[in-house]
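Beneath this line is the structure, given in structure tokens, with notes to follow.
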Amino acid sequence: MPSSHSIQCRCGQLRGLLTATRPSNHCICYCTDCQAFARHLGAHDALDKQGGTEIIQAPAANLTFSQGVDTLACLRLTDTGMLRWYTTCCQTPIGNTLANWRVSFVGLIHTCLRAEGQSLDTSFGPVTMRVSVKSAIGQEKPVSSGLLDGIAKTIAMIVRARISGAYRRSPFFDPRNGTPVAHPKVLTSDELQAAKRMA
């Protein structure tokens, strides 16, 4: 398994590297919120034919951006929703974090992990978790898998980062006070309903 994987937005303004990828979760999420996020951005390539988003969950401290941090923006589908990060330059979905920087992990969306010559399966192993399958598009739903193991890995990431203090190294939060590096925009109810009607 490679020790690092390149990160970049579609147009290449945002670039970075994800290192030390164990533990990580390679998963596909079919939830309506992930679908709404992609559709709101017009990022239809983030979704598979059943509305699934392929995601790598990894410690946020293992992600560094080498350029283009000023293009990062984030939104919340609701006042209390996850922070969903994307780039302003080309509307590439980047990933999801919780609003509390002390609960430190990131779900990186495959749209920023398409480095030439680097496959997700090679870097992170095959998909081991499929969640929110009831929200998948179509009559035949995917089979749910890997949820308990995935939760255990995520908890391990969070606990290790909290004990070591690594949570302070997240590129999505100011290390001095834990505020997001971009002010979250909360979708209006009309914007959210429109994104969820696009299925």
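Look at ALA161 and say whether it is surrounded by fewer than 17 Cβ atoms within 10 Å (Cβ to Cβ) and either farther than 26 Å from ALA36 by Cβ or modelled with pLDDT under 95 (or both). Quick ask: steps written out before the conclusion?
Details: surrounded by fewer than 17 Cβ atoms within 10 Å (Cβ to Cβ): no; either farther than 26 Å from ALA36 by Cβ or modelled with pLDDT under 95 (or both): yes.
Against the criterion (surrounded by fewer than 17 Cβ atoms within 10 Å (Cβ to Cβ) and either farther than 26 Å from ALA36 by Cβ or modelled with pLDDT under 95 (or both)), ALA161 does not qualify.
Based on what the data block shows, is THR32 closer than 22 Å to LEU147 by Cβ, surrounded by fewer than 19 Cβ atoms within 10 Å (Cβ to Cβ), of a type in the set (Val, Ile, Thr) and more than 14 Å from the chain's Cα centre (by Cα)?
Here the answer is yes, as THR32 does meet what is asked.
Filter region 180-196 down to the residues that are surrounded by 12 or more Cβ atoms within 10 Å (Cβ to Cβ) and under 21 Å from the mean Cα position of the chain (by Cα) and list them by number.
Scanning region 180-196 gives PRO180, VAL181, ALA182, PRO184, LYS185, VAL186, LEU187, GLU191, LEU192, ALA195, LYS196.
Please find, within region 132-158, the residue that is surrounded by the most Cβ atoms within 10 Å (Cβ to Cβ) out of those that are assigned to a loop (DSSP other than H, G, I, E, B) and of a type in the set (A, V, I, L, M, F, W, C).
Keep residues of region 132-158 that are assigned to a loop (DSSP other than H, G, I, E, B), which gives 132, 136-144, 146.
Now restrict to residues that are of a type in the set (A, V, I, L, M, F, W, C): 136-137, 143.
On the way: ALA136: 21, ILE137: 14, VAL143: 6.
By that ranking, first place goes to ALA136.
So is THR78 among the hydroxyl-bearing types (Ser, Thr, Tyr), crowded, with 22+ Cβ neighbours inside 10 Å and touching a residue at least 40 places away in the same chain (Cβ under 8 Å) or not?
On the way: among the hydroxyl-bearing types (Ser, Thr, Tyr): yes; crowded, with 22+ Cβ neighbours inside 10 Å: no; touching a residue at least 40 places away in the same chain (Cβ under 8 Å): yes.
Answer is no for this residue.
Having 1 or more residues that are among the small types (Gly, Ala, Ser) and at pLDDT 90 or above is the bar; report the strands (runs of 3 or more DSSP E) wholly within region 87-131 that clear it. If you could, list the steps in order and put the result at the bottom.
Numbers: elements: 93-97, 106-109, 129-131.
The qualifying strands (runs of 3 or more DSSP E) are 93-97, 106-109.
Quick one: how many residues across region 159-185 are farther than 26 Å from GLN67 by Cα and not small (Gly, Ala, Ser)?
Taking region 159-185 as the starting set, the residues that turn out to be farther than 26 Å from GLN67 by Cα are 159-160, 162-164.
Still in the running and not small (Gly, Ala, Ser): 159-160, 162-163.
Total meeting the criteria: 4.
Taking the condition of being within 17 Å of SER144 (Cβ to Cβ) and either among the β-branched types (Val, Ile, Thr) or without any contact (Cβ under 8 Å) to a residue 40 or more places away in the chain (or both), how many residues in region 35-58 meet it?
Residues that pass the stated criteria total 3.
Would you be able to say whether some residue in region 44-57 is at pLDDT below 95, assigned to a loop (DSSP other than H, G, I, E, B), crowded, with 18+ Cβ neighbours inside 10 Å and touching a strand residue (DSSP E or B) at 6+ places or on another chain (Cβ under 9 Å)?
Checked region 44-57: no residue is at pLDDT below 95, assigned to a loop (DSSP other than H, G, I, E, B), crowded, with 18+ Cβ neighbours inside 10 Å and touching a strand residue (DSSP E or B) at 6+ places or on another chain (Cβ under 9 Å).
The values are calculated or read from the model by the stated rules, or taken from the named source; none is laboratory data. Since the model is a prediction, treat every value here as computed from it, not as a measurement. Cβ sites come from the backbone with ideal geometry, for glycine too, and all protein chains shown count toward neighbours.
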